[in-house]
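The values are calculated or read from the model by the stated rules, or taken from the named source; none is laboratory data. Keep in mind the model is a prediction, meaning the values are calculated, not measured. Neighbour counts run over all protein chains shown; Cβ positions are idealised from the backbone, glycine included.
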């Protein structure tokens, strides 16, 4: 009897473990497909007038990890295959206008350089500020509202039949899709999504101007922005330390390591 009882307990434990593992695998698969699978991170909407807005979700520095299965070659291939009239990027226009830096994540600098080299118009449409509620690497509803407003505002400068591509982090992807639908845009049916990520060229090359673009961004965050934040008397010392603390020279050198990849046309670190 005791042996049977032990077997029942063991079987119950094994079933419980199997159930937990099944839930973990299922949830993990759902999250991967939603936020990491490149084929899930491309969508498009059209207005009644015929304007098309494509949204391409990206993973920022994770693109340089081969295990992600979503490389910078994939991103640039998507830009080429969508063939937009204008590209909108997750970077702030006011920072670029004053300091010449594309202040978004690294993938934004690469796409900006590609557009620069290929004479594709670019609009920078991100919005965020450093205040005493600032949290690093987080977004919120107001930021996505401002991004959406910038998309609509800057789209109006282009013809009704234009094709617009907005490149943004995956955290903004679904938020912006939701806002376009709320504004009356209709979701377009994209077939063979994987084809958008196929490189139409034989070999992969980074844009020629990418190191120049990235160096301006690296210098801005290593040296210029800490000075701007430090001079803001409305900010608490804790907030300031997020930007002014640490080894700025070391941070600059760390950022500039990307240029070694760019110069050798290497996709992965």
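So for segment 82-89 (the condition being over 16 Å from residue 211 (Cα atoms), assigned to a helix (DSSP H, G or I) and touching a helix residue (DSSP H, G or I) at 6+ places or on another chain (Cβ under 8 Å)), does at least one residue qualify? Reasoning before the result, please.
Filtering segment 82-89 for residues over 16 Å from residue 211 (Cα atoms) gives 82-89.
Keeping just the survivors that are assigned to a helix (DSSP H, G or I) gives 82.
Going one step further and asking which of them are touching a helix residue (DSSP H, G or I) at 6+ places or on another chain (Cβ under 8 Å), we end up with 82.
Checked segment 82-89: at least one residue is over 16 Å from residue 211 (Cα atoms), assigned to a helix (DSSP H, G or I) and touching a helix residue (DSSP H, G or I) at 6+ places or on another chain (Cβ under 8 Å).
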Quick test of your reading of the structure: residue 208 fulfils all but one of (1) assigned to a helix (DSSP H, G or I); (2) touching a helix residue (DSSP H, G or I) at 6+ places or on another chain (Cβ under 7 Å); (3) farther than 19 Å from residue 63 by Cβ. Name the failing condition by number. (1)
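Which of the following residues is within 25 Å of residue 216 (Cβ to Cβ) and in the same structural domain as residue 50 (by TED's automatic domain parsing): 120, 152?
Matching residue, one of 120, 152: 120.
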Quick one: how many residues across segment 88-102 are surrounded by fewer than 22 Cβ atoms within 10 Å (Cβ to Cβ) and within 18 Å of residue 58 (Cα to Cα)? 1
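I'd like the residue in segment 175-195 that is surrounded by 16 or more Cβ atoms within 10 Å (Cβ to Cβ) and free of Cβ contacts under 8 Å to residues at least 60 places away in the same chain and, out of all such residues, is nearest to the chain's Cα centre (by Cα). Talk me through it step by step, then tell me what you get.
Filtering segment 175-195 down to residues surrounded by 16 or more Cβ atoms within 10 Å (Cβ to Cβ) leaves 175-177, 179-180, 185.
Now narrow it down to the ones that are free of Cβ contacts under 8 Å to residues at least 60 places away in the same chain: 175, 179.
Working: 175: 13, 179: 17 Å.
My answer is 175.
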Any residue at all in segment 30-45 that is farther than 16 Å from residue 167 by Cβ, more than 17 Å from the chain's Cα centre (by Cα) and at pLDDT below 95? yes
Residues of segment 211-245 being assigned to a loop (DSSP other than H, G, I, E, B) and modelled with pLDDT of 95 or more, which ones? 231, 232, 233, 234, 235, 236
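Of 257, 198, 241, 202, which residue is surrounded by 12 or more Cβ atoms within 10 Å (Cβ to Cβ) and either in contact with a strand residue (DSSP E or B) (Cβ under 9 Å, 6 or more places away or on another chain) or more than 30 Å from residue 45 (Cα to Cα) (or both)?
Values: 257 fails: surrounded by 12 or more Cβ atoms within 10 Å (Cβ to Cβ); 198 fails: either in contact with a strand residue (DSSP E or B) (Cβ under 9 Å, 6 or more places away or on another chain) or more than 30 Å from residue 45 (Cα to Cα) (or both); 202 fails: surrounded by 12 or more Cβ atoms within 10 Å (Cβ to Cβ).
After ruling out the rest, the residue left standing is 241.
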